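Here is the structure we will look at.
Derivation of every value follows stated rules applied to the coordinates shown; laboratory data play no part. Owing to the predicted nature of the structure, the values given are computational and were not obtained by experimental measurement. Glycine gets a Cβ as well: all are built from the backbone with ideal geometry, and neighbour counts include every protein chain shown.
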Amino acid sequence: MCGRPAGDSRANEQSVLAVLHTLWVREHNRIETILHEVNPHWLGDRLYQETRRIVAALIQHITYAEFLPAVLGNRVVEENDLRLVASGYYDGEGFALSLLHTE
């Protein structure tokens, strides 16, 4: 890769990170194309932001459903309430905030 695809010349020093950035940019563009076909009246920022929400949700799902259990183990995920909820929104305080409240 050449140039500054991530806005920083150091981005290509971490090849796996560069690959992930490339994959997510391409996925964003793929989803944006589909959304524009379904909603031709959406333009510019609306199309970008709606696509951004979907991509962010995909990244969160992969992180909590696959990455964290693989790295931390299911026991730690369960103990710290990091598992995905079946539907709706998580309303707990979460692992990071719980660290602030320990004495």
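Some observations on this one:
- Each Lys or Arg adds one and each Asp or Glu takes one away; over the other residues whose Cβ falls under 12 Å from the Cβ of Arg52, this sums to -2.
- Radius 13 Å from Cβ of Arg75, net charge of other residues (Lys, Arg +1; Asp, Glu -1): -2
- Whole-Hz couplings from phi, Karplus 6.51/-1.76/1.60, listed for the stretch 51-68; x for Gly and Pro: 5, 4, 4, 5, 5, 4, 5, 4, 5, 4, 4, 4, 4, 7, 8, 10, 5, 4
- Label-to-label distance, nm, for residues given as Asn74 and Ile59 (7 Å Cα→Cβ offset): 2.8
- Fully extending the segment from Glu37 to Asp81 would add 12.0 nm, taking 0.36 nm per residue of separation and subtracting the current Cα-Cα distance.
- On full extension, the segment bounded by Arg26 and Glu13 gains 2.7 nm, given 0.36 nm per residue less the C-alpha separation.
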